[in-house]
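The values are calculated or read from the model by the stated rules, or taken from the named source; none is laboratory data. Every value quoted in this text rests on a predicted model; they were computed, and no experiment measured them. FYI the Cβ positions are ideal-geometry reconstructions off the backbone, even for glycines, and counts take in every protein chain you see. What goes into the accessible areas is simple: the full protein's heavy atoms, side chains included, and nothing from ligands, DNA or RNA. Shrake-Rupley method; radii C 1.70, N 1.55, O 1.52, S 1.80 Å.
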Amino acid sequence: MTVMSGPILDGMPRRLYRATPTRLTTWLDCPRRYRFSYLDRPPPPKGPPWAHNTVGAVVHNALAAWWRLPRQERTVAVVPSLVAEYWGDEGFRDAEQAGLWRTRAVDMVTRYVSGLDPDDEPRGVERTVGVVHEGTSLSGRVDRIDERDGVLVVVDYKTGRHVLSTDDARSSLALAVYAAAATRTLRAPCHRVELHHLPSGEVVAWEHDERTLTRHLDRADAIAAECAEADQAFHDGDASDETFPPRPSPLCGWCDYVRHCPEGSAAVGPRAPWAGLAAQEAG
Ligand code: SF4
C-alpha cells in the first residue's frame with residue numbers, strides 16, 4: 001500500500017490511504033476475501049474463470065472500442081467484429097454454450113449502440129478519475145462519462161441478469177465516488193449517475209447533491225480507515241481470523257477463493273463456472 005503525506009489533523013500529519021471503491025466494498029463484504037485479494041502475496045490461486053465475467057468483459061471492451069473508432073466507423077454493422085476481437089471462451093460449459101453467448105453478446109451490444117448517437121462524444125471512456133476526501137485518495141475507472149448540457153454524467157454498464165432499481169444507483173458507493181472524482185478530475189460538475197442494463201435496455205439513474213455525495217465520501221473514508229488499520233496489522237504479522245474474519249453468505253458461491261475457505265465452502269455448494277448464465281438461459 002502506497003501512502004503519501006496528507007492533511008494535518010490534531011497536529012499530526014495524516015497519511016493518505018489510496019483505495020478504489022472495489023477495495024473498500026471487498027473489505028465490507030468479507031475481510032478474509034480482502035486479505036486474499038489485496039494482502040496475501042502471492043495470493044491463493046483463484047478458481048477457474050466465470051463465464052458470466054467473460055461475457056461482461058467482452059461487452060464492456062466492445063463498447064469501449066466502439067467509442068474509440070473514428071466517428072464514421074461507429075455503426076451497428078461493426079459490432080460483430082468488435083465482439084469477435086475481444087471474445088474468449090473462458091468458463092463456458094462447452095463450445096455450444098460459448099457460441100450461444102457470443103451471439104447474445106453481439107445482440108446486446110448491437111441493440112445498445114443502435115440507441116446511441118455516434119456524434120455524442122463522451123468526455124471519457126474507461127476513464128480513470130480520482131478525488132481526495134479527508135484521509136483517503138479514491139480512484140476508479142468509469143465505463144463512460146457523458147457531458148450533457150455542461151454537466152457530467154457517470155454511466156456504468158451492467159450485463160448481469162439482476163434487474164436494477166433506482167436504489168441500486170442511489171446507494172452505490174462506487175458510483176458516488178466516480179461522480180465526485182469526475183468532478184475533480186474533469187473540472188465540471190457531476191451529480192448524475194446511471195446504470196445501463198444491457199440485457200433489458202433499461203437505464204436507472206440517481207441525481208446526487210453535495211450532501212449525498214459527501215455522505216458517500218465520508219463513508220468511504222471511514223471504511224478506508226478500517227482497511228488502513230487492517231493493512232497495518234497484516235504488515236505487522238497479524239493475518240488472524242480475528243482481524244480478517246470470514247463472512248459467509250450466498251456471495252461465497254461467486255468467491256474466487258472459496259476452495260481456500262472452509263466457512264465459505266460450508267455455506268454454499270460448489271458452483272460450475274457457467275452457473276451465472278444458467279438463469280438467463282432459462283429466461
Ligand atoms: S468464500 Fe465467502 S467467507 Fe470465504 S473468503 Fe470468500 S467471501 Fe469470504
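The table that follows gives values for the structure above.
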{"read-out": "Evaluation of residue 279 against (1) surrounded by fewer than 16 Cβ atoms within 10 Å (Cβ to Cβ); (2) within 10 Å of the ligand (Cβ to nearest atom); (3) modelled with pLDDT under 95 (one fails), failing number", "value": "(2)"}
{"read-out": "Any hit, region 168-179, residues being of a type in the set (S, T, N, Q) and part of a loop (DSSP other than H, G, I, E, B)", "value": "yes"}
{"read-out": "Breaking point among (1) open to solvent by 40 Å² or more (accessible area, probe 1.4 Å); (2) at pLDDT 95 or above, for residue 197", "value": "(1)"}
{"read-out": "Among (1) within 14 Å of the ligand (Cβ to nearest atom); (2) buried (at least 20 other Cβ atoms within 10 Å of the Cβ); (3) outside any helix (DSSP H, G or I); (4) of a type in the set (A, V, I, L, M, F, W, C), the one test that residue 252 misses", "value": "(3)"}
{"read-out": "Options 186, 173: the member that is modelled with pLDDT of 95 or more and surrounded by fewer than 18 Cβ atoms within 10 Å (Cβ to Cβ)", "value": "186"}
{"read-out": "Search result, residues across region 112-130 that are within 30 Å of residue 229 (Cβ to Cβ) and surrounded by 14 or more Cβ atoms within 10 Å (Cβ to Cβ)", "value": "129, 130"}
{"read-out": "Residue 58, sole failed condition from (1) in contact with a Pro (Cβ under 6 Å, 6 or more places away or on another chain); (2) crowded, with 20+ Cβ neighbours inside 10 Å; (3) over 25 Å from residue 184 (Cβ atoms); (4) of a type outside the set (Phe, Trp, Tyr)", "value": "(1)"}
{"read-out": "Residue match in region 131-138 (condition: open to solvent by 30 Å² or more (accessible area, probe 1.4 Å) and within 15 Å of the chain's Cα centre (by Cα))", "value": "no"}
